[in-house]
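Scroll down for the structure; my scribbles are underneath it.
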Amino acid sequence: MSLSGGVLAVTLVGTITAGIVAIASVVAIYKCAKVAVKVYLQGDGGSLHRVASAVTREPGSSGAAAGESDDAEMGSMSYFIEDLQRERPVRFSSQQLRAFTRNYAHKVGSGGFGVVYKGRFPNGAPVAVKVLNSTLGKRAEEQFMAEVGTIGRTYHINLVRLYGFCFDAAVKALVYEYMENGSLDGYLFDPPPERKVAFDKLHEIAVGTAKALRYLHEECAQRIIHYDIKPENVLLGAGLAPKVSDFGLARLCDREDTHLTITGARGTPGYAAPELWMPLPVTHKCDVYSYGMLLFEMLGRRRNLELGLHGRESQEWYPRWVWHRFEAGDVDAVLARAVATGDKKERETAERVCKVALWCVQYRPEDRPSMGSVVRMLEGEDQIATPLNPFAHLAAYNSGAALPSGDTTTTSGSYGSSGHALSAR
Ligand SMILES: Nc1ncnc2c1ncn2[C@@H]1O[C@H](COP(=O)(O)OP(=O)(O)OP(=O)(O)O)[C@@H](O)[C@H]1O
Ligand SMILES: [Mg+2]
């Protein structure tokens, strides 16, 4: 009896202990979940949640986030799960887009993929609605959703956020965060006085843009090649913080033919790497090349090719002009355009940008640096070796020669064929 009583007692104690452990585990899991919810709502997930709320709530409603009080925390679990599901962009109907844009009343601009309109969510948050051109109609819905899903899962402070999309019989569109300060081209090419910025600011924009590309190339679960880096695709937010737009679009859409000089090529002429229009393998290094072209335009505060303007220098392809000055040991001539003041630090920064630009546009993709290396060189963390001549393959053309007039074939805002194109003829 006493033995079985002992067994009973041991069993009872065991059961009670197991019960306590189980309860403690449940409490611990619950507490972890609470912390996770808080962290998530304070991070990027919070902004996703706010956007989702902006779409579904009436203007003026409180929009109180989950997690504001302890009482709300169990409720916030369901928000958490909802937000996880919302890692994919929100799907809108064409009627909703018409309401957001007030029947497409405010056109912001247009490009190779379609037309951009300004709109507002019901809570007043501004959005940019990009209505994609009709060639997209051939694309299957699942493929569109998969690629929009990839774009929507990329989060970086220097990338424009994709809030949602529309895919119905009549309208294919993407809904992005709206960038109040427009695109970088407005600050580089004949800007009005209020848009003239110091070179240090351009350097900051260059670093932010490089970080976005580093993320797309090196840090994303699935590498994304942009294919269309140029000033129009660097948008500027508060304090001119740069955000790269249109990443992932090359896979999503076929561009309109008017944007291209060479059938089947991707990117915008003047920025597109040689391998994009020649039968050569294409890698993420094509973005490094386009990024280098963008750096030249920051240095010169001009388009790389300005045909039709008077003056020999302006008709010469600017990157090659920079190389000749650099080769001749006359970097000052290059810096004079970039830096208005005699500020020594700013001039050093501009010289770094000049060398990085020359490295980025090397003819052979393998000679171009990775975007991670670009960031380090621009920030002064890495020494920059003396660049090689990126235009050696153009030797047949005499160094000072202007590009032949008539070597222009594209729409305004884009270049004619770059200097590289000459070598292919
Ligand atoms: N999210 C946005 N917020 C504010 N302005 C935008 C936004 N997206 C685009 N824009 C503006 O609309 C213009 C047209 O954009 P769009 O992307 O259609 O053409 P693009 O950038 O000139 O060429 P591409 O089609 O090669 O990207 C841009 O130059 C930019 O100034
Ligand atoms: Mg664009």
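Restricting the search to helices (runs of 4 or more DSSP H) fully inside the stretch 283-368 and requiring at least 2 residues that are at pLDDT 95 or above and within 24 Å of the chain's Cα centre (by Cα) gives 285-300, 344-360. Of the residues making up the stretch 233-243, just one is within 10 Å of ligand 2 (Cβ to nearest atom) and either surrounded by fewer than 20 Cβ atoms within 10 Å (Cβ to Cβ) or closer than 21 Å to E275 by Cβ (or both), namely N233. When the stretch 121-142 is filtered for residues that are at pLDDT 80 or above and within 22 Å of the chain's Cα centre (by Cα), the ones remaining, listed by number, are A125, P126, V127, A128, V129, K130, V131, L132, N133. Figure legend. Inter-residue proximity from the stretch 219-232: first residues assigned by TED's automatic domain parsing to the domain that holds A206 and assigned to a loop (DSSP other than H, G, I, E, B), second residues more than 10 Å from ligand 1 (Cβ to nearest atom) and small (G, A, S), beta-carbon distance below 6 Å, spacing 6+ or different chains. Indicated pairs: I224/G248; I229/S290.
The single condition among (1) small (G, A, S); (2) at pLDDT below 95; (3) within 13 Å of ligand 1 (Cβ to nearest atom) that G237 does not meet is (2). There is no residue in the stretch 179-196 that is surrounded by fewer than 20 Cβ atoms within 10 Å (Cβ to Cβ), more than 14 Å from the chain's Cα centre (by Cα) and among the aliphatic types (A, V, I, L, M).
Return a yes/no flag: does the stretch 198-205 have any residue that is surrounded by 13 or more Cβ atoms within 10 Å (Cβ to Cβ), in a strand (DSSP E or B) and touching a strand residue (DSSP E or B) at 6+ places or on another chain (Cβ under 6 Å). Looking for residues that are surrounded by 13 or more Cβ atoms within 10 Å (Cβ to Cβ), in a strand (DSSP E or B) and touching a strand residue (DSSP E or B) at 6+ places or on another chain (Cβ under 6 Å), one finds none in the stretch 198-205, hence no.
Kindly establish whether R214 is surrounded by fewer than 18 Cβ atoms within 10 Å (Cβ to Cβ) and more than 14 Å from ligand 2 (Cβ to nearest atom).
Answer is no for this residue.
Each row is one residue, and each column tells you yes or no for (1) on the phi > 0 side of the Ramachandran plot; (2) touching a His at 6+ places or on another chain (Cβ under 7 Å); (3) acidic (D, E).
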| position | (1), (2), (3) |
| --- | --- |
| V131 | no, no, no |
| E147 | no, no, yes |
| F167 | no, no, no |
| M179 | no, no, no |
| A198 | no, no, no |
| I225 | no, yes, no |
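Any idea how many residues of the stretch 86-120 are of a type in the set (S, T, N, Q), over 25 Å from D228 (Cβ atoms) and modelled with pLDDT under 95? Spell out how you get there, then give the answer.
Start the filter on the stretch 86-120 by keeping residues that are of a type in the set (S, T, N, Q), which leaves 93-96, 101, 103, 110.
Now restrict to residues that are over 25 Å from D228 (Cβ atoms): 93-96, 103.
Cutting the leftovers down to modelled with pLDDT under 95 gives us none.
So the answer is 0.
Condition check: over 15 Å from the mean Cα position of the chain (by Cα), buried (at least 17 other Cβ atoms within 10 Å of the Cβ) and in the same structural domain as L97 (by TED's automatic domain parsing). Does A173 satisfy that? First the steps, then the outcome.
On the way: over 15 Å from the mean Cα position of the chain (by Cα): yes; buried (at least 17 other Cβ atoms within 10 Å of the Cβ): yes; in the same structural domain as L97 (by TED's automatic domain parsing): yes.
Taking the combined requirement at face value, the residue satisfies it.
Screening the candidates E180, E194 for the property of being farther than 23 Å from E379 by Cα, free of Cβ contacts under 8 Å to residues at least 60 places away in the same chain, within 12 Å of ligand 1 (Cβ to nearest atom) and not polar (S, T, N, Q) yields one hit, E180.
Quick check on V127: is it without any contact (Cβ under 8 Å) to a residue 24 or more places away in the chain, over 30 Å from C354 (Cβ atoms) and within 15 Å of ligand 1 (Cβ to nearest atom)? For V127, the condition - without any contact (Cβ under 8 Å) to a residue 24 or more places away in the chain, over 30 Å from C354 (Cβ atoms) and within 15 Å of ligand 1 (Cβ to nearest atom) - is not met. On inspection, R255 qualifies as modelled with pLDDT under 90, basic (K, R) and farther than 16 Å from H203 by Cα. Pairs are defined by a Cβ separation below 7 Å, a sequence spacing of at least 6 or placement on different chains, a first member in the stretch 92-111 that is assigned to a loop (DSSP other than H, G, I, E, B), and a second member that is within 16 Å of ligand 2 (Cβ to nearest atom) and of a type outside the set (S, T, Y); the pairs so defined are T101/V129; H106/K118; G111/E232. Summed over the stretch 327-339, the residues that are over 22 Å from E381 (Cβ atoms) and either in contact (Cβ under 8 Å) with a residue 40 or more places away in the chain or in contact with a strand residue (DSSP E or B) (Cβ under 9 Å, 6 or more places away or on another chain) (or both) give a count of 1.
The values are calculated or read from the model by the stated rules, or taken from the named source; none is laboratory data. Because the structure is a prediction, the values reported are computed rather than measured. Virtual Cβ from ideal backbone geometry, glycine too; neighbours counted across all protein chains shown.
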